[in-house]
Amino acid sequence: MTVTSRFNLSFGRVAAIAVLATGFAALSPAQLLPLPDVSQHATVSQRVSLTDITIAYNRPLVGGRKVWGGLVPFGEVWRAGADLNTTIEFSTPVSVEGKPLAKGVYGLHMIPTAETWTIIFSKANQSWGSYTYDQAEDALRVTVKPQPAELQEALKYDFDDLKATSAVVALRWEKLAVPFTVAVNETEATVPLVRSQVRGVSWFTWENLNAAAAFCLDRKINLEEALRWTERSLTMEERFENLQTKASLLTALNRAADAAVAQKRALEIAPAPQLYTHGRQLQGRKQGPEALEVFKTVAKRFPDGVFGHLAAARVASSTGDFTTALKEAKTAQEKAPSPEQKNAVQGLIDRLEKKEDVNK
């Protein structure tokens, strides 16, 4: 529902009263006089993985009133905002507090008590407040515990504790926060979206196919299909990146021999920057011996380039030959094409002058 339609509907009661009092014909939404609402409208959104969560609500003020157990009675269904019922929309299926909920737009209602709150997701999403709420239209109910919070004059919704596949939605008003966790199952919710995108223009670009496969690899999901996407990517263009993805997918699928073939090919065609970076990534994963083998390959294949000299410096440093390592590092610095790269190499030189192994 658009902001305008919610605004116009919020004047529905006013228009109806005017009609009864004056006898004039009812005004159309376009004819309603736009005046500020006492409880102003707001929307807030958050993307979790590829799922969009959007909350539309009106923001009542405390205004010195007793809110909980007063303005908002305990034990009764409340619209979780003001005027029209608050709505919450999920662009894919999700789970709320561990319970499944289909994609869609829901009327968001709550039942507060002193100890626990019931959060209600209603299939009816265009009601005025909770006056016509019908439990038979519930899509889901969950129970959560409220928390004390700093004073919040205007009711608001926040997204807290954001993670790769979940977020905590929190209503805050007066001195209370009411949180509930929304989570996304990436295999069920995100992979179908990725699959749909891959079947579009991305089918003809090696980068996007490889990115889709790498996404699945990183999450350890949908590996067989991810491997097919990588194979398709390789038919578009054979690159170090997609060969690396293929090798890693084959390893994850326990196909070690095939993975070794793909890895060997990746190292054969890799340009110097990518090959050297691969060695540094191996070091970051505490795979020192494997990293040194990569550096030896870089130094052999690219003996006159910046990365060849950097790799030779690391190999020499690993054996304690700091004289050779320092010479190679200084040569790399001389060949570096930009001041930024020269400064980066200086850190390596400083350590080698102290006879520190730069691989540690």
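The values are calculated or read from the model by the stated rules, or taken from the named source; none is laboratory data. Computed from a predicted structure; not experimentally measured. Ideal geometry is used to build each Cβ from the backbone, glycine not excepted, and the neighbour counts take in all protein chains shown. Ligands, DNA and RNA are stripped out before the accessible areas are found, and what is left, the full protein with its side chains, is counted by its heavy atoms. Shrake-Rupley method; radii C 1.70, N 1.55, O 1.52, S 1.80 Å.
Points worth noting:
- Any chance V198 is surrounded by 15 or more Cβ atoms within 10 Å (Cβ to Cβ), within 23 Å of K66 (Cα to Cα) and in contact (Cβ under 8 Å) with a residue 24 or more places away in the chain: no
- Flag for R219 being within 15 Å of R265 (Cβ to Cβ), open to solvent by 40 Å² or more (accessible area, probe 1.4 Å) and of a type in the set (K, R): no
- Yes/no for A154 being under 26 Å from the mean Cα position of the chain (by Cα) and either modelled with pLDDT under 95 or closer than 21 Å to G63 by Cα (or both): no
- When residues of the range 258-276 are limited to those that are over 9 Å from V298 (Cα atoms) and small (G, A, S), the one farthest from the chain's Cα centre (by Cα): A260
- In the condition set (1) at pLDDT below 95; (2) open to solvent by 50 Å² or more (accessible area, probe 1.4 Å); (3) assigned to a loop (DSSP other than H, G, I, E, B), L162 is compliant with all but (1).
- Residue check for K342: within 37 Å of the chain's Cα centre (by Cα), among the charged types (D, E, K, R) and open to solvent by 30 Å² or more (accessible area, probe 1.4 Å): yes
- Residue within the range 233-248 that is within 16 Å of T187 (Cβ to Cβ), open to solvent by less than 50 Å² (accessible area, probe 1.4 Å) and out of contact with any Pro (no Cβ under 9 Å at 6 or more places or on another chain) present: no
- Within the range 287-314, the residues that satisfy the criterion of being free of Cβ contacts under 8 Å to residues at least 24 places away in the same chain and either crowded, with 22+ Cβ neighbours inside 10 Å or among the small types (G, A, S) (or both) are F295, A299, A312.
- Strands (runs of 3 or more DSSP E) within the range 33-111 that include 3 or more residues among the β-branched types (V, I, T) and open to solvent by 70 Å² or more (accessible area, probe 1.4 Å): none
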